[in-house]
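Reading through the structure tokens given below for one structure.
Values in this text are rule-based calculations from the coordinates and carry no lab data. All figures in this text were calculated on a predicted structure; none of them were measured in a lab. No Cβ is skipped: glycine too gets one built from the backbone with ideal geometry, and neighbour counts run over all protein chains shown.
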Amino acid sequence: MSDEKTEKAAEWTDLCALGDVPANGGGKFVGLKTAALAVFRLDAEKLQVLDDTCPHAGGSLASGYVSQGVVYCPWHAWPFKICSGECPDNPSIKVKVYPVRVVDGRVQAQV
Ligand code: FES
């Protein structure tokens, strides 16, 4: 007998086409009924999905400035490591990071 929680955690949600994610380090905003997400491409093979909403005051991280694996919120420049969601200035501040995969050219995440 399977655990219902485990099955739910294994569900993948279609977010966008891989080609919709900027190759230059910029973010792609994806709005779902249950979440606002930011998809980033760290390199050709490596994607990362974070909560889009900045915990400071709600800026959209998908439209932030990206440099050296860090996205800077467009409103007041709080930084977040794209790989972990941590704020390097204060590791107790963090945005959620979701498991991501690409299937047949579509980006999917466990949200
Ligand atoms: S809303 Fe993101 S730094 Fe202020």
Task: Among Ala77, Ala44, Ala36: highest mean-square fluctuation, GNM of the chain, C-alpha pairs under 10 Å - done: Ala44
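Per residue Cα convex hull volume for region 24-81, in cubic angstrom?
Details: hull volume 4.2 nm³, N = 58.
Cα-based convex hull of region 24-81, divided per residue, equals 72 Å³.
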Open item on the list: With every atom except the alpha carbons ignored, what do you get for Rg and Dmax of the chain, in angstroms?
Closed with: 14.0, 49
Open item on the list: Give the list, by residue number, of cysteines in the chain with no other Cys Cβ closer than 4.7 Å, or say none.
Closed with: Cys16, Cys83, Cys87
Open item on the list: For region 4-109, what is the number of Lys pairs with C-alpha distance below 18 angstrom, counting only pairs 8 or more positions apart or on separate chains?
Closed with: 10
